[in-house]
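Step one of this worksheet: look at the structure below.
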Amino acid sequence: MPGSIKDRAAIVGMGCTKFGELWDRGPTDMIVDATNEALEDAGITIKDVQAVWAGSLFGVGGRLVSEALRLQYKPVTRVENACGSGHEAVRGASYAVAAGIYDICLAIGYEKLKDEGAAGLPGMENRSNTHYQSSMPGVFAMMATRYFHRYGLSPEEGKKMLGKISVKSHKNGALNPKAHLRREITLEQVLGAPIIAWPLGLFDCCGVSDGCAAAVLVRPDMVKKFKNKPVYVKALQICASPTSGRLVTTYDYTHVEEAHQAGIAAYKEAGITNPREEISMAEVHDCFSITEAVTMEDLQFSPRGRVKEDIEAGTFELTGSLPVQPDGGLKCFGHPIGASGIRMLYEPWLQFQGRADKRQIKDPKLALAHNMGNEPYAPVVSVCIVGL
Amino acid sequence: MVGITSYGAYVPWHRMKREDCVKAWGGFAMPGERAVAYYDEDSLTMAVEAGRDCLSDLDPKKIDGLFFATTTSPYKERQCSSIMAFPLDLRPDIRTADINTSLRAGTTALLLAHDTVKAGSAGSVLVACADVRLGAPAGMIEQQIGDGGASLLMGTENVIAEVLGTFSISDELAGTWRGDDDRFIRSGEDRFVMDEAYVKFVPQAMAGVLKKCGLAAKDITKVAFDPPGDPRRHGTAAKQAGFDPAQLQDPYALFLNTGITGCAMAPMMLVAALEDAKPGDVIMVVGSGNGADAMILKVTEAITKLPPRRGTKENIASKVVMSNYNEYLRWREIVPQEAARRPDKQHIRLAAVWRERKELLGLWGIKCRQCGTPQYDNGAATTSPIRVCAVCQAQDDFDDYNFARRKATVFSYTQDNLAAVTDPPASVVLIEFEGGGRAFFDLTDRDPAKVEVGMPVEMTFRKLQYDRGLTNYFWKARPIR
């Protein structure tokens, strides 16, 4: 029987840079800044850290972190799981302290995208350069096309449903001083915005950002030595796609099977039977509005094909029964690839400490973070549940 | 009996009104439209499409040779016919050759194919020709010429038109030419080119082949030969050779719709003649340029049994008229364009595309022997070969399965304005093939406004990328023409 991570690793401090187009910040700047905040929060120094896991998609490896922090001959491992690299770093650090190999580990995620000189992500190509031409928005747009078709939504109805997701995230992001995009928008603005990849418009897409986030993880028996309220890892499940959805006709392209499976496994690991009732808040991988919509269904927050009802009822608003993206999400906090998975835990961390200011949710118990890499038919999805 | 056993043609979907050239530059507009290869087409892809039309119901594995004729080869050094053998699904143990540089390269290839089969060196040889020539902007040549292709299969079984005889004359006189550094066609003085070359060589070749076959002009049902830039000279040459206007394969049928398609013009006119031919008809085809080639064919009963092809007629009828001349300039990269502000495309990996040539150029996938699922994987990491079944995980227990001729329907799509493409938006579709299998492809020859879930599509061979002298070819989906 596989073991469980539940309550076997605890977060005692976190840090996160402001996300955005950080023209004056290099990767080492961001690594130093996020790490310093996390260490200070935990009340330790870099010398106390015994091992580091670093998540980055385009980064140059763990060596960069060691170099940035001038670590003194410590083990540093760079992990990569596409846009899910952040959670992968947390997984490495959590498992290491759970195994009792180390007492204190640092999980760090970073990405410096804005030095590429061109908008968007590099490397959407295959070995033979015959990959179809669409951008990442296009790949997810095809999920929206299919979702609208399957559930009988006209383009207007579908876009309106998705638009409300973005309006909500912008509302939350406006309250977050570290977010990349900090202004409220109206549904009219969303619907009137230029089309990026039909049917997705500008406001259906997340920001392309620089940023870094870090977490200090320790053995649970050590938590009393730290000043903060410890936040325990309750579940950490990663599900990699067999990538058959683009080959075989059984995949419906209106859900992400890997998210569904990772959710089921995570709920089981955490002992959750009614996620919609038991989860206090969620940070999901809303790279595009349609991704958040189907994720609500994949994670069993909404019944299949009926997320529209919950969106319209305001369920996922900050004031709703299950706030989603209270920090603005990828949509507004921004999406520095490797950092996003850890940023998704930063908001729960602040919420549990009661430090989320205007975004503060009352009495959170369990928070879910959903980190997804790659296309809907070929992703790796991680679901991490943390709580008190 | 040696002769033509099948034919096919290809005309790009896009047409430009000749008056649009005049709107851009002023001057005199010739009547009609000309065909314009889309930005993802070149002479190689168009010849493949013509070849696919020719082979539509035939077994390509029985063909022993492929001759590709063009004056606009995508390569100076590298054989195109050996690339084309993959999309045409020919065997590797065949004779391949590219025949280039002369405007009669198409008929030369046809004569060579005939000689090869007649000599017994091959049972059948496929001739595929196409051209995408460029006249410099603002000139008459730009209006006169057009893009297109033709294909003829020469063989000994089920001959629809028996070759009665051939004749060639050679002369170094160049009516038009392009030197090693020339992108656009150059030409000599009209009167010299027309009167000293065309109007002399063409009748000479006609007389030569008639004499060789023991026939007179009156014995010919239709004479198919390419018109020069000024198509009126076509009639002059025919008259000189003793033909009545009624005997001429109408050059205007093509000229007004496609333009003069370079070395593919005479073969396209021959295809057009065969489309209307009856058993017993005698057809003469002449191709000119630096001399002339001529061939006389006698149509047999077998022509009545050849299933219909798209040929020139259906290809001409299926079209969209371009909205302006600028599109033509962009597709042919005649004027520099601002680069998209997107990450650069990676270089072509020669080893990777070679390794996957069967999957990429031939559109071969697999069918699992255990669960029976057809599969094609144009993946993020690699395009096959598939080693593990995506459905039942069986390993290496597959039969080859070809997708190139299968129809499909659109399962989902996007119109991507962000992707860096020559003619935005990038229309991308996830399609499901009849008989099973699904894959993503770029959608070409489309009106973005008409793309929808459930739309029927078919596969077409296109160029994707030009990088350091290499052209990367692959398949795209297109709405059924």
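Every number here is computed from the coordinates shown, using simple stated rules; none is lab data. Because the structure is a prediction, the values reported are computed rather than measured. Every residue, glycine as well, gets a Cβ built from its backbone with ideal geometry; the counts of neighbours run over all protein chains shown.
Things to note:
- Summarising the strand pairing of chain A, around 70 percent of its internal DSSP beta bridges are antiparallel.
- The range B:350-479: antiparallel DSSP beta bridges as a percent of all, rounded to 5: 95
- Sorted largest first, extent of the range B:3-331 alpha carbons per principal axis (Å): 53, 44, 35
- A Cα-only calculation for the range B:377-449 places Rg and Dmax at 14.7, 42 Å.
- Per-peptide average of other Cβ atoms within 10 Å, ordering B:174-186, A:133-145 highest first: A:133-145, B:174-186
- The modelled label-to-label distance between B:Ser56 and A:Ala119, using points 7 Å beyond Cα along the C-beta direction, is 4.4 nm.
- The A:Arg276 and A:Lys225 beta-carbon pair, evaluated with R₀ = 45 Å, returns a calculated FRET efficiency of approximately 0.80.
- Helix-derived mean residue ellipticity, 222 nm - over the protein assembly as shown, DSSP H n ≥ 4, -39500 (n - 2.57), to 500: -8000 deg cm²/dmol
- The range A:304-333 and the range B:425-481 have Cα centres separated by 37 Å.
- Over chain A, the fraction of Cα-Cα pairs per 10 Å bin, rounded to whole percents and listed from the shortest bin up, is 5, 26, 36, 24, 8, 1.
- For the range B:449-466, the Karplus equation 6.51 cos²θ - 1.76 cosθ + 1.60, evaluated at θ = phi - 60°, returns couplings of 5, 9, 6, 8, 4, x, 5, x, 9, 9, 8, 9, 8, 9, 9, 9, 7, 10 Hz by residue, with Gly and Pro reported as x.
- Spherically averaged projected area of the convex hull of Cα atoms, the range A:246-308: 4.9 nm².
- The protein assembly as shown - share of DSSP beta bridges that are antiparallel (%, nearest 5): 75
- Residue among A:Pro220, A:Pro326, A:Pro242 with the largest mean-square fluctuation in a Gaussian network model of chain A, springs linking Cα atoms under 10 Å: A:Pro242
- The range A:217-344 shape via C-alpha gyration tensor axes, a/c threshold 1.5: prolate
- Highest-fluctuation residue, A:Thr250, A:Thr273, A:Thr77 considered, GNM on chain A with Cα pairs under 10 Å: A:Thr250
- Volume per residue for the range A:1-88 equals 129 cubic angstrom (convex hull of Cα atoms).
- Taken over the C-alpha atoms, the range A:56-165 has Rg and Dmax values of 19.9, 60 angstrom.
- Whole-Hz Karplus values for the range B:119-136 come out as 6, x, 6, 8, x, 7, 9, 8, 10, 10, 9, 6, 9, 10, 7, 10, x, 4 Hz, taken residue by residue from phi with 6.51 cos²θ - 1.76 cosθ + 1.60 and θ = phi - 60°; glycine and proline positions read x.
- Computed magnitude of the charge dipole of the range B:426-481 (debye, nearest 20; Cβ of K, R +1, Cβ of D, E -1): 220
- Residues A:Ser154, A:Ser128, B:Ser102, A:Ser289, ranked from the fewest to the most other C-beta atoms within 10 Å, line up as A:Ser154, B:Ser102, A:Ser128, A:Ser289.
- Per residue of peptide B:351-358, the mean number of Cβ atoms on other chains within 10 Å of the residue Cβ is 2.
- Evaluated over the range A:174-239, the Cα radius of gyration and Dmax, each in Å: 19.4, 54
- Long-range amide H partners of A:Ile196 with built H, under 5 Å: A:Gly201, A:Leu202
- Taking the convex hull of Cα positions in the range B:350-479, its mean projected area over all directions (nm²): 8.2
- Too-long pairs where the Cα-Cα distance tops 28 Å, listed order kept, from B:Lys23/B:Lys200; B:Lys23/B:Lys222; B:Lys61/B:Lys476: B:Lys23/B:Lys200; B:Lys23/B:Lys222
- Extension reserve of the B:Gln240-B:Asp447 stretch, reckoned as 0.36 nm per residue once the Cα distance is removed: 69.8 nm
- Whole-Å semi-axes of the protein assembly as shown's equivalent ellipsoid (Cα gyration tensor): 65, 25, 23
- Using the Karplus relation 6.51 cos²θ - 1.76 cosθ + 1.60 with θ = phi - 60°, the per-residue 3J(HN,Hα) values for the range A:77-87 come to 10, 8, 10, 9, 9, 6, 6, x, 5, x, 5 Hz, with x marking Gly and Pro.
- Binned Cα-Cα distances of the range B:294-373, short to long, each 5 Å bin given as a whole percent: 3, 8, 6, 8, 10, 13, 15, 16, 11, 6, 4, 1
- The distance between label points at B:Glu19 and B:Phe184 comes to 2.4 nm (points 7 Å beyond Cα on the Cα→Cβ vector).
- Between the range A:340-388 and the range B:292-310, the C-alpha centres lie 72 angstrom from each other.
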